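What follows is one structure encoded as structure tokens, with my remarks underneath.
The values are calculated or read from the model by the stated rules, or taken from the named source; none is laboratory data. Computed from a predicted model, the values in this text were never measured in an experiment. Cβ sites come from the backbone with ideal geometry, for glycine too, and all protein chains shown count toward neighbours.
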Amino acid sequence: MIGRLVRFELRYWLRQPMVYIFLLINLLLCMGAVSSDNIQIGGGLGSVYRNAPEVIYNFYALMSFLGLLMVTAFVNGTAIRDFTNNTAQLVFATPISRRQYLIGRFAGSTIVALVPMLGISLGILLGSVVPWADAERMGPTLWNAHAQAFLLYAVPNVLFTAAVIFGVAIHARNTIAAFITAIVLLVGYIIAQNLIGDLDNEFLAAMLDPFGITALSQVTKYWTVADKNTLLLPMDGPIGWNRLLWVAVSIVVFVVAYRRFSFHERARKGGAKQGEAASASMAHIALPNVSRHHGTGARWK
């Protein structure tokens with residue numbers, strides 16, 4: 001059943017233009033940043049190849065954070081669809097379990113939210129071959145750097161955002177609440193970055209960053225130009241521990257939301273409201289006035 005729900009979400013969203021619009025936005029931004037100096041993502045590139053591994057990591061780290069609102073659109077839309085379409089009670093009346101329902105919906109929307117992140121790699125690849133790009137500033141295409149960046153940054157960052165937004169959405173059942181939460185995450189992270197930067201303990205600072213940008217900066221700050229052009233990220237340092245920590249936090253957030261969600265509680269509330277509405281409608285029925293006659297004419301009737 002979980003697999004069927006995941007497939008349903010994939011089919012539903014892949015028919016929506018929003019997926020491809022978001023993917024195109026990421027593609028164009030990254031293509032422009034690689035092929036031109038007029039667009040920058042995370043600062044200037046200096047003497048580093050414009051498609052170097054270090055550039056790929058930075059693009060994925062920053063774009064998966066800035067794409068927070070994109071993730072919110074998919075996850076919130078999935079979480080509240082049954083409630084906004086007034087089909088929740090029909091779904092809850094089926095044999096589907098709470099575990100199947102929530103995991104299927106969450107997994108499906110999270111996978112869909114990862115699709116626009118592929119636009120980052122597509123943009124870098126296209127930006128390195130467009131006619132107006134400076135070929136001398138381009139290095140070889142390192143596919144393992146793209147794969148590592150996607151797995152280390154796109155997946156954990158989308159998972160964390162999706163867990164928080166999904167937890168809010170299934171309880172608030174309100175689009176405004178979900179997007180306010182996303183904006184709070186966005187602004188709160190920017191403020192927290194200033195506070196984290198003042199910490200003397202660099203490892204702690206790296207661990208407190210849910211999007212892994214601080215850890216990336218710490219690992220690559222002493223890299224030479226040659227290192228940035230060729231090296232992959234080491235997994236035995238702050239980046240590996242940071243990613244494991246925030247994947248675990250994401251799972252905990254989802255589990256808390258899962259345990260607080262109840263089919264039965266919502267069914268009782270819905271049943272009570274329907275009962276109250278029925279009673280109210282019966283109370284307002286106007287009954288006709290009946291005149292009783294007991295004379296001789298009434299007997300003949």
Of (1) assigned to a loop (DSSP other than H, G, I, E, B); (2) under 20 Å from the mean Cα position of the chain (by Cα), residue 3 satisfies all except one. Which?
(1)
Working only within the stretch 200-216, note down all residues that are under 29 Å from the mean Cα position of the chain (by Cα) and more than 22 Å from residue 250 (Cβ to Cβ).
202
Of everything in the stretch 79-123, what is among the small types (Gly, Ala, Ser) and either surrounded by 14 or more Cβ atoms within 10 Å (Cβ to Cβ) or within 30 Å of residue 52 (Cβ to Cβ) (or both)? Give them in sequence order.
79, 88, 104, 107, 108, 109, 113, 119, 121, 123
Name the residue, out of 199, 195, 204, that is surrounded by fewer than 17 Cβ atoms within 10 Å (Cβ to Cβ), in a loop (DSSP other than H, G, I, E, B) and not hydroxyl-bearing (Ser, Thr, Tyr).
199
Out of 190, 239, which single residue is touching a helix residue (DSSP H, G or I) at 6+ places or on another chain (Cβ under 8 Å) and in a helix (DSSP H, G or I)?
239
Flag if residue 133 is buried (at least 18 other Cβ atoms within 10 Å of the Cβ), part of a loop (DSSP other than H, G, I, E, B) and touching a residue at least 12 places away in the same chain (Cβ under 8 Å):
yes
I need every pair where a residue in the stretch 226-237 that is touching a residue at least 24 places away in the same chain (Cβ under 8 Å) and of a type in the set (Lys, Arg) has its Cβ under 8 Å from the Cβ of a residue that is part of a helix (DSSP H, G or I) and surrounded by 14 or more Cβ atoms within 10 Å (Cβ to Cβ), sequence separation at least 6 or different chains.
228/53; 228/54; 228/55; 228/220
Residue pairs, Cβ under 6 Å, 6 or more apart or interchain, first in the stretch 79-93 and more than 12 Å from residue 174 (Cα to Cα), second of a type outside the set (A, V, I, L, M, F, W, C) and modelled with pLDDT under 80. List them.
88/82; 89/270; 91/82
Which numbered condition residue 58 fails, given (1) more than 30 Å from residue 136 (Cα to Cα); (2) modelled with pLDDT of 80 or more; (3) surrounded by 15 or more Cβ atoms within 10 Å (Cβ to Cβ):
(1)
The residue that is farthest from residue 15 (Cα to Cα), considering only those in the stretch 136-150 that are assigned to a helix (DSSP H, G or I) and without any contact (Cβ under 8 Å) to a residue 24 or more places away in the chain, is 136
Among the residues listed as 2, 39, the single one being in contact (Cβ under 8 Å) with a residue 60 or more places away in the chain and surrounded by 14 or more Cβ atoms within 10 Å (Cβ to Cβ)
2
Within the stretch 78-130, which helices (runs of 4 or more DSSP H) (wholly inside it) include 3 or more residues that are more than 23 Å from the chain's Cα centre (by Cα) and either closer than 30 Å to residue 30 by Cβ or not hydrophobic (A, V, I, L, M, F, W, C) (or both)?
118-127
Scan of the stretch 221-231 for residues that are surrounded by fewer than 16 Cβ atoms within 10 Å (Cβ to Cβ) and not acidic (Asp, Glu), ordered by number:
221, 222, 223, 224, 225, 226
